[in-house]
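Student: This is the structure I want to talk about, given as structure tokens.
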Amino acid sequence: IEPLIKPYHKKALILGTGGASKAIYYGLKEKLGIETVFVSRHQRPDCVTYDDITPEVIQEYQVIVNCTPCGMFPHIDECPNLPYEAMTEKNLLYDLVYNPGETLFMKKGAAQGAAVKNGLEMLLLQALASWEFWHK
């Protein structure tokens, strides 16, 4: 994700609260210095809900990382409930899902000019790191 980050990318929404979201939080906050907010389907401490995501929030939090299985095969007709119409070329949508290669989340963002990327590269980097860990 780092090469895709632009100087104006200061805040990120992390969709989901599972294990992958914690790793993304660490990378964005601790490694890149990006302010982050977790988004959950349910009211939880230290989270906002999808209902809280307005067009103004999309403009403020320009990086959006989907850490949920929403949109993963075979549920390719699903996507996180966001105001996609508020997205612009300044938004970056990163989807940890890699099957399909372009999720509905990515398609809707790209249609508004947002930069999009799927999770295939991350999957491959995880496999490489695991191989090195267990074979050194």
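Student: Within the range 74-100, name every residue whose backbone N is under 16 Å away from a label modeled 7 Å from Cα of CYS47 along the Cβ vector.
Tutor: 80-82
Student: Between beta-carbons, use under 14 Å as the cut-off and find the net charge around PHE38, counting Lys and Arg +1, Asp and Glu -1.
Tutor: Values: positive: LYS11, LYS22, LYS29, ARG41, ARG44; negative: GLU35, ASP46, ASP52.
Net of charged neighbours comes to +2.
Student: Within the accessible area of the chain, what % is carbon and sulfur when the probe is 1.4 Å and the other protein chains stay in place?
Tutor: Percent of accessible area from carbon and sulfur atoms in the chain: 56.
Student: Ok, one more. Report the net charge of residues surrounding ILE53, where surrounding means a beta-carbon distance below 13 angstrom and charges are Lys +1, Arg +1, Asp -1, Glu -1.
Tutor: Its environment carries a net charge of -3.
Student: Springs between alpha-carbon atoms under 10 Å, Gaussian network over the chain: tell me which of LEU32, LEU124, LEU82 tops the mean-square fluctuations.
Tutor: So, out of LEU32, LEU124, LEU82, the one fluctuating most is LEU124.
Student: Using unit Cβ charges (K, R positive; D, E negative) and no other charged atoms, how large, in debye to the nearest 20, is the dipole of the range 32-136 about its Cα centre?
Tutor: With Lys and Arg at +1 and Asp and Glu at -1, about 280 debye.
Student: How about LYS31: which lysines have a C-alpha closer than 20 Å to its C-alpha, ignoring those fewer than 8 places off in the same chain?
Tutor: Answer for LYS31, where 20 Å is the Cα cut-off: LYS6, LYS10, LYS11, LYS22, LYS117, listed by chain and number.
Student: Also, I was wondering about something else. How much net charge surrounds CYS70 when only other residues with a Cβ under 13 Å from its Cβ are counted (Lys, Arg +1; Asp, Glu -1)?
Tutor: Residues close to CYS70 contribute a combined charge of -1.
Student: Calculate the tail of P(r) for the range 1-131: the fraction of all Cα-Cα distances greater than 24 Å, expressed in %. Don't skip to the end; give the middle numbers.
Tutor: Numbers: 1761 of 8515 pairs.
Of all Cα-Cα pairs in the range 1-131, 21 percent lie more than 24 Å apart.
Student: Helix 120-134 against the longest principal axis of the chain: what's the angle in degrees, Cα atoms only, rounded to the nearest 10?
Tutor: For 120-134 against the chain, the angle is about 30 degrees.
The values are calculated or read from the model by the stated rules, or taken from the named source; none is laboratory data. Nothing here was measured: the structure is a model prediction, and the numbers come from that model. Neighbour counts run over all protein chains shown; Cβ positions are idealised from the backbone, glycine included. Remember, those area values only see protein heavy atoms, side chains included, never the ligands or the DNA or RNA. Shrake-Rupley method; radii C 1.70, N 1.55, O 1.52, S 1.80 Å.
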